[in-house]
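Each value in this text was obtained by applying a stated rule to the coordinates, not by laboratory testing. No experiment lies behind these values; they were computed from the predicted model shown. Glycine also receives a Cβ, built like all others from the backbone with ideal geometry; neighbour counts cover every protein chain displayed.
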Amino acid sequence: MDYPGFLQLLNRAIQEPARSGRAKQIIRFNKASHYRECLSYLQKMKPGLSGLRSVQSSHLIRALIAPMACRERLGKYRNGVVIEEDTRIRVHGGAASLSAEAVSTLPWGVKKIKAHQTWPLSTGSQIRIGVIDTGVDFRHPDLRHCLARGVNLLNRAMLPHDDNGHGTHIAGAIAAASYDRGAVGVAPGAIICPVKAFDHNGSAYVSDIILAIDWCVRNRIDIINMSFGMKTRSKALLDVVNKAHTNGIVIVASSGNDSKRQSIDYPARYPQTISVGATDRFGRIASFSNRGPHVDIYAPGEKILSSWTNNRYHEMSGTSMATSHVSGTIALLLELKPSLSPAEIKALLRRTASPMRRRSGTAPKTSRLGEVDAFRLIREGIKLR
C-alpha cells in the first residue's frame, strides 16, 4: 500500500469543506501491520500536512478517525481498509425533575435490589468503573470520594466536567456516598472514572465511543457503563465492544426508552454487553423501557434520585438509571470475586434475578424476566470457587 499517497489523499479530503455539519469517517485497516505502518507515516507527515493533525487513532480496532465528508475520495485504496461513516449516538436521558432537597433515606432503587444488605461484605471497593457519558461534577459533595481524573475526549486539556447533568446522575446512582443528607449509590466504595464523550446536549458520535472504550481498555477499567444508544448497527462499534469484552471488561448498556416490545438499541443489542431494561417501584417493566428477548436483566429506572450538577439532586427516569444500578451491583460482586469473566457475571446475574410482575401484554408467556438482586448475587457469588 502506498501510505504516503494514501495520507496525502486523506489530507486533501479532510480539507474539503463539509456541506452540512460535522462529518467523519472511521477507517479500519484489515491487517495490523498495515495499520502500524500507516500510523508511522502519519506521525512523520503531520507537521507538513495540516489536515492530518485532526486525525485520531484507535489502536484497539486498528482505525483512523478522520473529519471528512465523502468516503469515495479514498476509493482507490479501498482494498486494504474498511470505511464506515460516523453516526450520531445519544444518552438515554429520560424525564428529569429538580429536587431542591436531598433525602436522608435510602433511595428506593438501592433498597429494592437489596444492595445495602451486601455492604457489610462489599461496597465495590477499588473496582474501577468507566462511565462513558457527559462527564461529572467534580465538586459534588456526594461524589468527591469516588472520582478518578478520567478523560475529556472533547477537550483533552480539560477535566471531564459535566455540562449536561446526565453523567453526574449516573455516577451518583452507581457510587455516591453521603453521611448526612444526600444521594447514596449501589456501590459506594467503587471508583468512578468519568469518560466525557458526550457534549452538553447529550450527543456524541460512534467515533467518540470508540475512543472512549479504547481509553478504558488501556487504563484497565473493570466495568464500562454505557447509558446511551442508537437504532442502527455499527460494525466499528461492535468491533471495539468485542475487543473490550475479550480483554475481560464487563460492559453494561441500556436498552433504550422507546417502549419497544421486541427490540432494543445498540450497543445493548450486541451479545458482548449486559443489556438492561428498567423497572418501576412495583417491580414491573417501566412503561418507557424497551424490552424483549435481547434484554439480559432489568433494574430500577423510574424516578431515581441522584446527584446533579452544581451540588444539586435530580429525579430521573430511564434505562440509563437502570444500567447504573446493574453496574454498581457488578462492582459489589467483583470486589469479592475479581477473577470472574464477563460471561460468568452475565450468567450469574440472570440466574440470581428476582421474578418480576408483568403488565398485561408486555411479554410472551415463555419469556423469563428478572430484576437484579444484589444480595442474592453476592450470596451465590461467594459460593463460587
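Figures for the structure shown
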read-out: Cα gyration tensor category, rounded, prolate or oblate, for segment 42-161 with a/c compared to 1.5; value: prolate
read-out: Fewest-first ranking of L147, L238, using other Cβ atoms within 10 Å as the exposure measure; value: L238, L147
read-out: Segment 182-294 shape via C-alpha gyration tensor axes, a/c threshold 1.5; value: oblate
read-out: Straight-distance crosslink candidates among lysines, where the alpha carbon sits under 19 Å from K111 and sequence neighbours closer than 8 are dropped; value: K303
read-out: Folded to 0 to 90 degrees: helix 342-351 orientation relative to the chain principal axis, Cα; value: 30 degrees
read-out: Segment 92-248, relative contact order [Cα under 8 Å, separation at least 6], %; value: 29 percent
read-out: MRE, 222 nm, helices only [DSSP H, n ≥ 4, -39500 (n - 2.57), over the chain, to nearest 500]; value: -8500 deg cm²/dmol
read-out: Relative contact order computed over the chain (Cα-Cα under 8 Å; 6+ residues apart), in percent; value: 18 percent
read-out: Tilt relative to the chain, helix 206-218 - C-alpha long axis, 0 to 90 degrees, to 10; value: 70 degrees
read-out: Base-10 log of normalised Debye intensity for segment 3-86 (one unit scatterer per alpha-carbon) at q = 0.16, 0.22 Å⁻¹; value: -0.53, -1.06
read-out: Average Cα contact separation per residue, segment 163-204, under 8 Å, 6 or more apart, as relative contact order %; value: 37 percent
read-out: Folded to 0 to 90 degrees: helix 32-45 orientation relative to the chain principal axis, Cα; value: 60 degrees
read-out: Global form of segment 254-385, assessed from the alpha-carbon gyration tensor, a/c cut-off 1.5; value: oblate
read-out: Square roots of 5 times each gyration tensor eigenvalue, C-alpha, segment 229-323, largest first, Å; value: 24, 17, 11
read-out: Convex hull of segment 132-244 built on C-alpha atoms - directionally averaged projected area, nm²; value: 7.1 nm²
read-out: For the chain, projected area of the alpha-carbon convex hull averaged over all directions, nm²; value: 19.4 nm²
read-out: Longest DSSP-loop-exposure-free segment, chymotrypsin sites (Phe, Trp or Tyr not before Pro), the chain, at most 12 other Cβ within 10 Å; value: 1-178
read-out: Residue of N79, N152, N290 that the Gaussian network model of the chain assigns the largest fluctuation, springs spanning Cα pairs under 10 Å; value: N79
